[in-house]
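Data block below; observations after.
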Amino acid sequence: MVDVRAAKKQARTLARARRRELVESQTAADRGAQGDALAQSFLTWLREYAESLGRADLAGLTVTAYEEMPTEPPVSGLVRAAQEVGMRVLLPVTILETRTLRWVDAAQSAGEHEDAPAGGSPADEGPEALLGVDIALIPGLAVDPEGYRLGQGGGFYDRALPMVRPGVPVIVALHDHELPGSDTAPVPQVPHESHDIRVDGVLTSAGVRLTRQPH
């Protein structure tokens with residue numbers, strides 16, 4: 001029997017090493033251009049998605065995002081762009097004691113709330129905040145063509161994603177070389193078990209590619 005935990009650990013090592021190589025080769029201008037492309041690509045797809053829902057614009061929609069780590073795709077510009085068009089952006093607050101996520105509006109300087117105590121803060125919303133989300137943009141180290149996501153190993157999003165309403169698309173932001181099915185993807189197939197939750201697509205600077213239709 002395949003040891004899924006060991007396989008995931010090895011896959012994380014490969015993905016993290018490749019990300020470090022990429023970021024070390026980037027200039028500040030390169031990373032800025034990547035961030036701009038991610039923001040533009042995401043907004044373009046969001047407008048198409050909103051139109052499919054019969055909405056005239058993006059104002060009033062709620063999306064999750066996150067504050068990227070140094071080797072993750074730069075999404076801070078995306079957060080600002082979403083806010084500028086009237087979207088509400090929720091950022092995660094990690095509750096280490098319970099290994100769960102609470103949520104705070106990006107307009108409330110979420111960086112001050114990271115790794116909060118179990119009770120969170122008055123500005124935080126509980127895990128149930130995901131029930132009001134229209135699109136979930138989340139981090140990940142890899143996604144394979146079947147939609148299985150490789151996370152950092154903490155299990156925070158595994159616990160959070162069941163709160164997302166059926167039909168709401170869950171999208172993972174990736175670097176361009178990590179596109180599922182590409183020759184450059186460091187993790188062609190994500191080790192998974194029957195309880196692992198599949199995501200619906202990925203965002204790269206080239207746009208959003210769905211791995212399946214949202215369920």
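The values are calculated or read from the model by the stated rules, or taken from the named source; none is laboratory data. Please read these numbers as outputs of a predicted model, since none were measured by experiment. The protein model used for the area step is the full one, side chains on, heavy atoms only, and it has no ligands, DNA or RNA in it. Shrake-Rupley method; radii C 1.70, N 1.55, O 1.52, S 1.80 Å.
Taking 0.36 nm per intervening residue step and subtracting the Cα-Cα distance, what contour gain separates R99 from A17 on full extension?
27.0 nm
Which value, in Å² and to the nearest 10, is the accessible area of D200 when all protein chains are kept and the probe is 1.4 Å?
Only protein atoms counted, so the area is about 10 Å².
Taking the DSSP beta bridges in the chain as the whole, what percent of them are antiparallel, to the nearest 5?
Among the beta bridges of the chain, antiparallel pairing accounts for roughly 55 percent.
Hey, could you grab the Kirkwood Rh for the chain? Inverse mean 1/r over distinct alpha carbon pairs, Å, one decimal.
17.6
Given the Cα-Cα distance of D196 and Q10 and 0.36 nm per residue of separation, how much length would full extension add, in nm?
Taking D196 through Q10 to full extension adds about 65.2 nm, to one decimal.
Order the following by accessible area, largest value first: M87, M163. Probe radius 1.4 Å; ligands, DNA and RNA are ignored.
M163, M87
How much of H177 can a 1.4 Å solvent probe reach, expressed as accessible area in Å² and rounded to 10?
Around 20 Å² of this residue is reachable by solvent.
Relative to the present Cα-Cα distance, how much length would full extension add between E125 and E146 at 0.36 nm per residue of separation?
Extending this stretch completely gives an extra 4.4 nm.
For a distance above 21 Å, tell me the whole-number percent of Cα pairs in the stretch 1-101 that qualify.
Percentage above 21 Å: 53.
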